[in-house]
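Student: One structure follows; several queries about it will come next.
Read-outs throughout are calculated quantities, based only on the coordinates presented, and are distinct from any laboratory measurement. All figures in this text were calculated on a predicted structure; none of them were measured in a lab. Note that each Cβ is placed from the backbone with ideal geometry, even for glycine, and that neighbours are counted across all protein chains shown.
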Amino acid sequence: MRRRGSALIIVLLLVSLLVVLSAEITVRSATDSRMLENQLTELQAQYGLQGALVHAIQVLRMDLAKDQKEMTEKNLPMADWNGEDWAKPALDLPLGDGTYGFTITDEQARYPMNALVTGDSGILVPLEQERFSRLLTAACPGIDTSAFRESLYDWLDGDRTGTYEQGARNAQLLTTKELFLLPMATTEILTGNDGRSGLLPKVTRWTTGQVNVNTASREGLYGISDRFDALAYDKLLNARPLRVLDELKPILGYPDADPLPPELAATLSVRSTFFRVALSYGKGMDIRRATAIVLKVAGQPARLWWDPDPACP
Ligand SMILES: [Ca+2]
Ligand SMILES: [Ca+2]
């Protein structure tokens, strides 16, 4: 733990040095050209955001070490939930002459959109269509989403016969931003009238195909199984964090002697591999943001995706 802590300090010192150095260069070249100055400010912001990501990855690494320690010392199965240290936002931390911050969220709290089609042949999976329909209806109450759903299926499926096939990807999503390209997509459906609700915050193109019951939303779990009604979700909130999936049986009304139905056991999990990191670096009034997707696995948690747009990779 101490070794990891000092590694983090060294990395942050290095990043801090780079931020200061690029500020120095900015000052010297200010007389040369405004354009160059802007480029260097940009460079400094990039170092600041990278530094924030280094810190966030360190936080996830420490969670993995904690989980492994609990498993070996207390025989507790590994789990991830929002009460853990990684879920606490880190804000306004000093770096060079600016500040950085980050917020980590569980990407496996979201429904994996690419489960809708098989990877090779692009055939829609009926069970997942049923689940997605339920999620879509719950995420967009009072909105007619049937045409959007049809255009999504044409976009994803491998065939070219359908009402909305023109310009369709005909394969799994590379990013959920593609949803904005669907002919029947509306901002009301994707991000709601407040810009923060709707479908988009509840879906991902990443994940192992499993949704974490310890972090998923009520709508997301209701999508997976209609047994997750309001009453069951309340029971789940009281029972979290779950350490094993079998703890779901009394919550969902399954007999304790029977195994959990295979379609639930295959889709649900109590721990996560994919995490989303919302990053910021600010100097004065200039605040830059980015989003990264990070893997938490034994060994080195790795950055998978980097997007300067904070909205939605
Ligand atoms: Ca954990
Ligand atoms: Ca198609």
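Student: For segment 37-178, how big is the tail of P(r) above 22 Å, as a whole percent of Cα pairs?
Tutor: Working: 6157 of 10011 pairs.
The proportion of pairs with Cα distances above 22 Å equals 62 percent.
Student: Given the chain, report the % of alpha carbon pairs whose separation exceeds 35 Å. Mind dumping the intermediate values first?
Tutor: Values: 14920 of 48828 pairs.
Result: 31 percent of Cα pairs exceed 35 Å.
Student: Run a plain Debye calculation on segment 111-206 (Cα atoms as equal point scatterers, no solvent) and give log10 I(q)/I(0) at q = 0.11, 0.12, 0.23, 0.24 Å⁻¹, rounded to two decimals, same order as the q list.
Tutor: Taken in order of the listed q values, log10 I(q)/I(0) reads -0.27, -0.33, -1.29, -1.40.
Student: Related question: Which order do the peptides 111-117, 134-140, 169-175 take when ranked by the mean count of other beta-carbon atoms within 10 Å per residue, highest first?
Tutor: 111-117, 134-140, 169-175
Student: Considering the chain as a Gaussian network with a 10 Å cut-off on Cα pairs, which listed residue, Val125, Val211, Val54, attains the greatest mean-square fluctuation?
Tutor: Answer for the Gaussian network model of the chain: Val125.
Student: Between Leu174, Tyr100, Pro250, whose Cα lies farthest towards the positive end of the dipole of the chain when Lys and Arg beta carbons carry +1 and Asp and Glu beta carbons carry -1, centred on the Cα centre?
Tutor: Tyr100
Student: Could you tell me the calculated FRET efficiency between Asp286 and Gln129, based on Cβ-Cβ distance and R0 = 35 angstrom, to the nearest 0.05? Display every interim value, and only then the final one.
Tutor: Working: r = 45 Å, r/R0 = 1.29.
The pair Asp286/Gln129 has a calculated efficiency of 0.20.
Student: Another question, if that's okay. In segment 244-280, which residues have a backbone nitrogen under 19 Å from the label point lying 7 Å from Arg218's Cα in the Cα-to-Cβ direction?
Tutor: 251-253
Student: Also, quick follow-up: Semi-axes of the equivalent ellipsoid for segment 208-271, please: Cα gyration tensor eigenvalues, times 5, square-rooted, ordered largest first, whole Å.
Tutor: Gyration-tensor ellipsoid for segment 208-271: 15, 14, 12 Å.
Student: On to the next question. So how tilted is helix 2-29 from the main axis of the chain? Cα-based, degrees 0 to 90, rounded to 10.
Tutor: Compared with the principal axis, the helix lies near 60 degrees.
Student: So what's the net charge close to Asp226: Lys and Arg +1, Asp and Glu -1, counting the other residues with Cβ under 10 Å from its Cβ?
Tutor: Every neighbour counted, the sum reads +1.
Student: Another question, then. Enumerate the calculated ³J(HN,Hα) couplings along segment 120-127 in order (Karplus 6.51 cos²θ - 1.76 cosθ + 1.60, θ = phi - 60°), each rounded to whole Hz, writing x wherever the residue is Gly or Pro.
Tutor: 7, 9, x, 9, 5, 9, x, 4
Student: With the Cα gyration tensor of segment 163-282 giving a ≥ b ≥ c as the square roots of its eigenvalues, does the rule (a/c under 1.5 for rounded; else a/b larger than b/c for prolate; else oblate) give rounded, prolate or oblate?
Tutor: prolate
Student: May I ask you to order 221-227, 46-52 by the average number of other C-beta atoms within 10 Å around their residues, highest value first?
Tutor: In decreasing order of mean packing, 221-227, 46-52 become 46-52, 221-227.
Student: Against the longest alpha carbon principal axis of the chain, how many degrees, from 0 to 90 and to the nearest 10, is the axis of helix 146-156 turned?
Tutor: 70
Student: Cα to Cα, under 16 Å, and not fewer than 8 places away if on the same chain: which lysines meet these conditions relative to Lys177?
Tutor: Lys202
Student: Please list 3J(HN,Hα) in residue order for segment 47-63, calculated via the Karplus relation 6.51 cos²θ - 1.76 cosθ + 1.60 where θ = phi - 60°; whole Hz, with x for glycine and proline.
Tutor: 4, x, 5, 4, x, 4, 5, 4, 5, 4, 4, 4, 4, 5, 5, 5, 5
Student: Now for a different question. Among the lysines, which fall within straight-line cross-link reach of Lys235, defined as a Cα-Cα distance under 20 Å, with same-chain neighbours fewer than 8 residues apart omitted?
Tutor: By straight Cα distance, Lys235 reaches Lys249.
Student: Right, next: Expressed in nm to one decimal, what extension gain is obtained for the pair Asp307 and Asp194 from 0.36 nm per residue of sequence separation less their Cα-Cα distance?
Tutor: On the way: separation 113, 0.36 × 113 = 40.68 nm, distance 2.28 nm.
Full extension of this stretch gives 38.4 nm more.
Student: Roughly how many whole Å is it from the C-alpha centroid of segment 43-83 to that of segment 135-195?
Tutor: First find each Cα centre; the distance between them is then 34 Å.
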